[in-house]
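*Asks:* Dropping a structure here in structure tokens format, bear with me for questions.
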Amino acid sequence: MTVLLKEPKETVDEIAGFSQETVRQASAAKDEPTWMLDFRLRAWQTFESLAWPKPTDESWRRTRLTGFKLENYTPFAVPNGTVERNDLEPDLLNALDEMESSANLIFRDGGLLYGEEIEDQHEDGVIFSDLQTAVQQYPDLVQKYFMTKAVTPDANKFAALHAAMWDTGSFVFVPRNTKVELPLHAILSQGDRVGGYHHTLLVAEEGAEVTLVDDLMGAENAFQATVVELILKDNAKVRYMNLQDFKHTAWNFLTGRAVLGKDTDLRWIQVSWGSRLTKAFLDLDLQGEGGHGELLGLYFPTRRQHIDHETLQLHRAANCFSDLLFNGALKNRARSVYMGIIKVLPGAQKTDAFQRNGNLILDRSARADSIPGLEIEADDVRCTHAATAAQVEDEYVFYLMARGLTRPQAERMIVQGFLQGVLDRVPVEGVMRKLEKVISRKISR
């Protein structure tokens, strides 16, 4: 692997509060071309035009932003340049070693900290680059796909803020009929008390195959407004994993959308372990006939964490399949919210769509709200949804403890069994081991 090293950009001496001038400062700090600055400024206008979420908004009825104030955070971090692998902190080295990959990118303080190229990426035409570099080196591709085909700045208030202020990010482009054998791995180590705006843009052309893992960590008293865009052309196959494990004082807002062409195959695994509050909008947009999309979720809030997922399975074309399974465990005074819609448009005959949300409540003070739904405008479909919430009976724990297990071991066995339906569908062994470790950690809290 070739290590990518870049010189740090000019330091911004003073960062003002959030404003149009802040947007200009953020762009200037990255030495961006005029077209990207213009995009940011238009997005800022969109951000100003959109109202802040209100408790009367259906999407926010069960998730309040009490305590969140944008002005409490430094608007953006200034990159300090890259380092060699031997200079990385132990937690980042461990994250690299947990998984065998084709290449790695590590982001911190609003920029690239460490990067490795795929050895043959230029020969095969595969691009795995930090997004800031892609803006400079592949401007036509970035302009074509960046927040134009999947997530647009007007998706919601936080998507607009992200579009105006985005900093770190991965750009993945896999040409026609090209397969990337090992996963690509991007790690974000979010800085403390600062705004972060990580972006993932993946484009898989016709017949391409790729796996991408986003590993999000860090963030003490910070907030992150993330956008994920997955664009699959006809017959493409993508495996995408978003592993969020921020500190319990961080605010996390995610807007993600996958656009699926004809005969595509997507498996998206969304994991929400950390943050004080997470609000995630996750969409599957099946635009081509024969598309196959899986949206799988794991969450395990503890203490006073609040995790909210809102999903959309949008069927536009005929003969498509979508499968959603979100399973979570809750402990202490934690709360989860799941709200999802399967929407079938009039031309999407022969749709096969399923949606299920399961919740395992480990303490009586925890709470799970689940609101699945269907909007069907075609008459030849098979669409079902289900939601469950159950407590762990003391007898189950006692039974396992009577056979020599400690209480944490017994609870871990019960929780892991409950989450196994999603864990069994994780396609990367290193990710599976990582998830099992986090489950053990959460149980012990």
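*Asks:* Among (1) touching a helix residue (DSSP H, G or I) at 6+ places or on another chain (Cβ under 8 Å); (2) of a type in the set (F, W, Y); (3) modelled with pLDDT under 95, where does W35 come up short?
*Replies:* Condition (3) is where W35 drops out.
*Asks:* Something else: Which one is surrounded by the most Cβ atoms within 10 Å (Cβ to Cβ) among residues in the stretch 274-299 that are over 15 Å from the mean Cα position of the chain (by Cα) and either among the charged types (D, E, K, R) or part of a loop (DSSP other than H, G, I, E, B) (or both)?
*Replies:* If we take residues in the stretch 274-299 being over 15 Å from the mean Cα position of the chain (by Cα) and either among the charged types (D, E, K, R) or part of a loop (DSSP other than H, G, I, E, B) (or both), then G291 is surrounded by the most Cβ atoms within 10 Å (Cβ to Cβ).
*Asks:* Let me ask something additional. T302 versus (1) buried (at least 21 other Cβ atoms within 10 Å of the Cβ); (2) assigned to a strand (DSSP E or B): which is the lone unmet condition?
*Replies:* (2)
*Asks:* Next question. Identify the residue in the stretch 392-420 that is surrounded by 14 or more Cβ atoms within 10 Å (Cβ to Cβ) and not in a helix (DSSP H, G or I) and, among all such residues, is nearest to the chain's Cα centre (by Cα).
*Replies:* The qualifying residue nearest to the chain's Cα centre (by Cα) is V392.
*Asks:* Which of the residues spanning the stretch 139-185 are outside any helix (DSSP H, G or I), surrounded by fewer than 16 Cβ atoms within 10 Å (Cβ to Cβ) and not charged (D, E, K, R)?
*Replies:* Within the stretch 139-185, T148, P175, N177, L182 meet the criteria.
*Asks:* Would you please list the contacts, defined by Cβ atoms under 6 Å and residues six or more apart or on different chains, that run from a residue in the stretch 310-333 that is at pLDDT below 95 to a residue that is β-branched (V, I, T) and part of a loop (DSSP other than H, G, I, E, B)?
*Replies:* Note: pairs meeting the criteria are K331/T302; N332/T302.
*Asks:* Among the residues of the stretch 187-197, are any in contact with a Lys or Arg (Cβ under 6 Å, 6 or more places away or on another chain) and part of a helix (DSSP H, G or I)?
*Replies:* no
*Asks:* Same structure again: Being surrounded by fewer than 16 Cβ atoms within 10 Å (Cβ to Cβ), free of Cβ contacts under 8 Å to residues at least 24 places away in the same chain and among the acidic types (D, E): is that true of E377 here?
*Replies:* no
*Asks:* Go through the residues of the stretch 305-322 one by one and say whether even a single one is touching a Cys at 6+ places or on another chain (Cβ under 8 Å) and closer than 21 Å to I269 by Cβ. I'd like the intermediate steps shown before the answer.
*Replies:* Of the stretch 305-322, the ones touching a Cys at 6+ places or on another chain (Cβ under 8 Å) are none.
The answer is no, given that none of the residues of the stretch 305-322 is touching a Cys at 6+ places or on another chain (Cβ under 8 Å) and closer than 21 Å to I269 by Cβ.
*Asks:* Could I ask something else about it? Looking at the stretch 318-335 only, could you name the residues that are surrounded by fewer than 21 Cβ atoms within 10 Å (Cβ to Cβ) and not aromatic (F, W, Y)? First the steps, then the outcome.
*Replies:* Quick first cut of the stretch 318-335, residues surrounded by fewer than 21 Cβ atoms within 10 Å (Cβ to Cβ) only: 318-319, 321, 323, 325, 332-333, 335.
Correct list: A318, N319, D323, L325, N332, R333, R335.
*Asks:* D352 - would you say it is over 24 Å from the mean Cα position of the chain (by Cα), under 15 Å from L284 (Cα atoms), at pLDDT 95 or above and not small (G, A, S)?
*Replies:* yes
*Asks:* If a residue counts only when it is touching a residue at least 60 places away in the same chain (Cβ under 8 Å), small (G, A, S) and touching an Asp or Glu at 6+ places or on another chain (Cβ under 7 Å), which strands (runs of 3 or more DSSP E) contained entirely in the stretch 222-266 have at least 1 such residues?
*Replies:* Passing ranges, in order: 251-260.
*Asks:* I need the full set of residues from the stretch 317-332 which are within 19 Å of S444 (Cα to Cα) and outside any loop (DSSP other than H, G, I, E, B), in order please.
*Replies:* G328, A329, L330, listed by residue number.
To keep it simple, each residue is scored yes or no on (1) modelled with pLDDT under 90; (2) in contact with a strand residue (DSSP E or B) (Cβ under 9 Å, 6 or more places away or on another chain); (3) surrounded by 12 or more Cβ atoms within 10 Å (Cβ to Cβ).
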{"residue": "R42", "(1), (2), (3)": "no, no, yes"}
{"residue": "S59", "(1), (2), (3)": "no, yes, yes"}
{"residue": "L65", "(1), (2), (3)": "no, yes, yes"}
{"residue": "K69", "(1), (2), (3)": "no, no, no"}
{"residue": "G81", "(1), (2), (3)": "yes, yes, yes"}
{"residue": "M99", "(1), (2), (3)": "yes, yes, yes"}
{"residue": "L112", "(1), (2), (3)": "no, yes, yes"}
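*Asks:* Could you please give the count of residues in the stretch 361-374 that are touching a residue at least 40 places away in the same chain (Cβ under 8 Å) and in a strand (DSSP E or B)?
*Replies:* Final tally of qualifying residues: 2.
*Asks:* Please indicate, with yes or no, whether at least one residue in the stretch 412-430 is within 29 Å of A353 (Cβ to Cβ) and in contact with an Asp or Glu (Cβ under 6 Å, 6 or more places away or on another chain).
*Replies:* Looking for residues that are within 29 Å of A353 (Cβ to Cβ) and in contact with an Asp or Glu (Cβ under 6 Å, 6 or more places away or on another chain), one finds none in the stretch 412-430, hence no.
*Asks:* Would you confirm whether any residue within the stretch 114-121 is under 20 Å from L230 (Cα atoms) and acidic (D, E)?
*Replies:* The answer is no, given that none of the residues of the stretch 114-121 is under 20 Å from L230 (Cα atoms) and acidic (D, E).
*Asks:* A follow-up question, please. Does any residue of the stretch 421-429 turn out to be at pLDDT below 90 and in a loop (DSSP other than H, G, I, E, B)?
*Replies:* no
*Asks:* Count, please, the residues in the stretch 110-138 that happen to be charged (D, E, K, R) and part of a helix (DSSP H, G or I).
*Replies:* 2
*Asks:* Still on this structure, I have one more. Among the residues of the stretch 141-164, is there at least one that is within 25 Å of N94 (Cα to Cα) and of a type in the set (S, T, Y)?
*Replies:* no
*Asks:* Please go through the stretch 219-244 and pick out each residue that is crowded, with 22+ Cβ neighbours inside 10 Å and modelled with pLDDT under 95.
*Replies:* Within the stretch 219-244, A219, A222, F223 meet the criteria.
The values are calculated or read from the model by the stated rules, or taken from the named source; none is laboratory data. Since this is a predicted model, take the numbers as computed values, not measurements. Cβ sites come from the backbone with ideal geometry, for glycine too, and all protein chains shown count toward neighbours.
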